[in-house]
1. May I ask for the equivalent-ellipsoid semi-axes of the range A:10-80, computed as the square root of five times each C-alpha gyration tensor eigenvalue and listed largest first in whole Å?
2. I'd like the FRET efficiency for residue B:526 and residue A:199, computed as 1/(1 + (r/R0)^6) with the beta carbon distance as r and R0 of 35 Å, rounded to 0.05.
3. What whole-number volume per residue, in cubic angstrom, does the convex hull of the C-alpha atoms of the protein assembly as shown give?
4. Would you mind working out the accessible area per residue for the range B:4-230, using a 1.4 Å probe, and quoting it in Å²?
5. Give, rounded to the nearest 20 debye, the magnitude of the charge dipole that the range A:118-222 has about its Cα centre when Lys and Arg contribute +1 at Cβ and Asp and Glu contribute -1 at Cβ.
6. Compute the helix-to-body angle for B:172-181: its Cα long axis versus the longest principal axis of chain B, expressed 0 to 90° and rounded to tens.
7. Quick one: with all protein chains in place, what share of the accessible area of chain B is carbon or sulfur, to the nearest percent (1.4 Å probe)?
8. Anything over 22 Å Cα to Cα? Flag those among B:231/B:569; B:400/B:471; B:403/B:471; A:191/A:213; A:50/B:16; B:231/B:573, in the order listed.
Amino acid sequence: MGAATTTEAVLRIVLSYSKTGPARYLGHLDLLRTFQRAVRRAGLPIAYSKGFNPHPRMMFASPLPVGAAGLGELAAMDLAAYTDPRALAGRLNSALPGGVRVNKAWLAPLARGTFGAEITSVWSVRVAAPEETPPGAVDWQSALAGLLGAAELRVERSGGKVRDVRDRLLGLSVEEECGREAVIEMVLLQKDELSAKPLDVVCALEKRVGPLKVVSLERRAVTADSAQSGGGGRLSESPAANARDASRASDAKSRARGGE
Amino acid sequence: MYTTTQLDDILSRVEKPARYAGGEYNAVTKDLAGVKLRAAMVFPDVYEVGMSSLGFQILYHFLNARDDTYCERAFAPWPDMERELRGAGLSLYTLETYTPLGEMDLIGFSFGSEKTYTNALTCLDLAGIPVWSKDRTGGDPIVVAGGHCAFSPEPVAPFVDAFAIGEGEDVIGEIADSLVASSVQPREERVRLLASIPGVYVPAMLTWNYGADGRLSGWEAAPGASFPVSKRVVRDFENVDYPRRPVIPNMEAVHDRISVEVMRGCTQGCRFCQAGIITRPVRERSPGRVGEIASGLLPVTGYDDISLVSLSTADYSGVDCVVRDLVETHGPDGVGVSLPSLRVDTFSVNLAAQIQTVRKTGLTFAPEAGTERLRRAINKNITDADVFDAAESAWRQGWKRIKFYFMIGLPTETDDDIVGIARLVREVQRRARAGGRVRLDVSIGASSFVPKAHTPFQWRAQASPSELERKLRLLREATRMPGVRLSWDDPAESQLEAALARGDRRLAPVIHEAWKAGARFDSWQECQRWDVWRSAFEKTGVDPAEFAGRRRAYGEVLPWDHIDSGVTKTYLKQEDERTLIEELTPDCRESRCHACGIIDGLMPEHARYGSCYHD
């Protein structure tokens, strides 16, 4: 860990990472701590926030529920010095605990915000009907079609508030059917701090097909509809491209500054 | 070995599944092909507590440093997890490979508190291992226990095959060697062979005799065993190995930081303190070595806090320069330094001021008693002026909150000593107001005195629970003033602790009975069930007051007489007698050798303190 010369952000790196195996049981705060420590272990030049109690500039899109796996989770970190994204991913991976792995990293322009207002996630949810259910007895297809055809999807949120999240439900399909189990693909939107959650869909489904047990919960992908993740999963191919990205990043930064 | 799918179902239902999931950074994985000994260190408390124990990480490191041994970890399951494991018919398993504990060759418990005994029984039982040592057969793991409680092991002796007395890293290798060499022998023989290792106590090889009064009258040693068993001590503390890659907990632990031991032992000589006696002699690490260890641990842990640990870090002769060096070297990388224990003096406050640039947390001091008289009696060498100076130094440097620890029920304590706590605190606040217009918030933590084995107070009676209640009421009334908060321990808990801390083997059925009736996590307020313990004592016909509340005669056979801490009974008795004349015994590093026995008995090659310490 070399002496940090500066802690001011010069560029942002977006990470697509997975959280599987034992790491599924890390709560969101545990995950933040895990990344912060991994960054220190990897000796990355992380940028720190200003103020009385500086903290490392890392951002995470939409926390996963404890126990759920994530295959394409999104995070971003601001660095105080240029680091090749591919090398950063490698260094982070050797510093992360079992089950947390960075799959891709790419440069993005610095901006004040994080992942924007709209986050779309794709889920694979394995559900099971009760043991006595004969194979094939549940018509998953039409149950899902019924949910999509409904005008509203009413869910209860904290404080007993009932909200309609039907427009946050973008797609539903049966991925796999096996005996009394099915894997349901859900495409869900988080917008303006309101989202449809996998368990909302399962609850609504139960009203149509009877009691269900969630066997496993896996988020396959998260996409943020904002400029910061504009790389869209692209890894910069060449050092030249990286340098271009970096210079664009610092342009964006000075623009952001100017606007402050 | 369990598969994750087997565990997923129960983990999805427990409160904090990360406790039981494993996969941490620096957790050791090994190819089992070359492994001859499979061991599990089992901490009889929750993950967050066990992962914070330096001793636990040390033993894990020492065992895994051997090519022929694979050591894994397990922790006491919280009641929700215990229920789930039982419901699913699963055993308690190791976090490294999800292997049921019953498949281990060696189970190691670390007992730092008597209130974790019931949890150890849970761990054994959940692994299908008979809780009574005598019921274990053939392939059952060999259960070894260590930690400070091993110095008074009898209440749990019937549950444990062997105790390691003293500093574990000094003996664990010999235990592993012995178990590897004896792997084809019958279990009973393997346990018997452990007794030939210095510092290892095998309870099956000692039989107690009882006199007509029902009290211990002596013991008989089985052939091949000799008593007392002397504790093990690390002689070269400077160079002894330490966890090079400590396992980083996956969830927030009690201590989430680098711990570097700067010193072992303590020569303050407080008469109530067990740790101060059983960890003698004092050994220090050089500042250079401390700096080297800290620098090596930063990049492999990712922590941003270095804690300099010992029983009294302000007494470490290099503390000033170590703190300065660490802050200079690592401060620019955002790394902080912390000291777990402060002395009551301005020197300590100035140290704290150096490292705590933001006065976020309060400062904590332990004057232990409210009056100078009582402090002299317990050999806590602090005057009222020291307390005022330390507090003044704190508020002058910006602290607005101070915490004081006191004990009630100390030997020779009068009501005036208790009211003295309130007087002392009031004066501290008055001075802050008058001298600096500071409104100082004071919190007082009051715990009940628990006499411990191997201390000058080992013969003393503990005040009865009702007397402790009365003293607490008095303290509550006396400290009812603005800006003062008082917290206290339940006297019932203190009596249980005292009975378990100084009991003989007759306590084992009590522990077993309480555990069967549901006693778990006895140090956790939300779990405490004194009714269960009360009926366990009644059912087994054991009177807790016999062990907690009875003044013992100096000549009596004590249930820990077969364990030698290196400090002589003559010295302890002499110290106890000085209590009555309220006579201080100064720190031997600053005055002269008081002949406690540690040097002559255990470490004749070790420098004698006092006159030659500063050579």
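1. Values for the range A:10-80, descending: 23, 13, 11 Å.
2. 0.80
3. Spelled out: Cα convex hull of the protein assembly as shown, divided by residues, is 199 Å³.
4. With all protein chains present, the range B:4-230 gives 34 Å² per residue.
5. 320 debye
6. The helix B:172-181 is inclined about 10 degrees to chain B.
7. Carbon-and-sulfur percentage of accessible area, whole number: 50.
8. The pairs that break the limit, which is 22 Å between Cα atoms, are B:400/B:471; A:191/A:213; A:50/B:16.
The values are calculated or read from the model by the stated rules, or taken from the named source; none is laboratory data. In this text, all values refer to a predicted model and were calculated from it rather than measured experimentally. In this analysis, Cβ positions are derived from the backbone assuming ideal geometry, glycine residues included, and neighbour counts consider all displayed protein chains. To get the accessible areas, we keep the full protein, side chains included, count just its heavy atoms, and leave off ligands, DNA and RNA. Shrake-Rupley method; radii C 1.70, N 1.55, O 1.52, S 1.80 Å.
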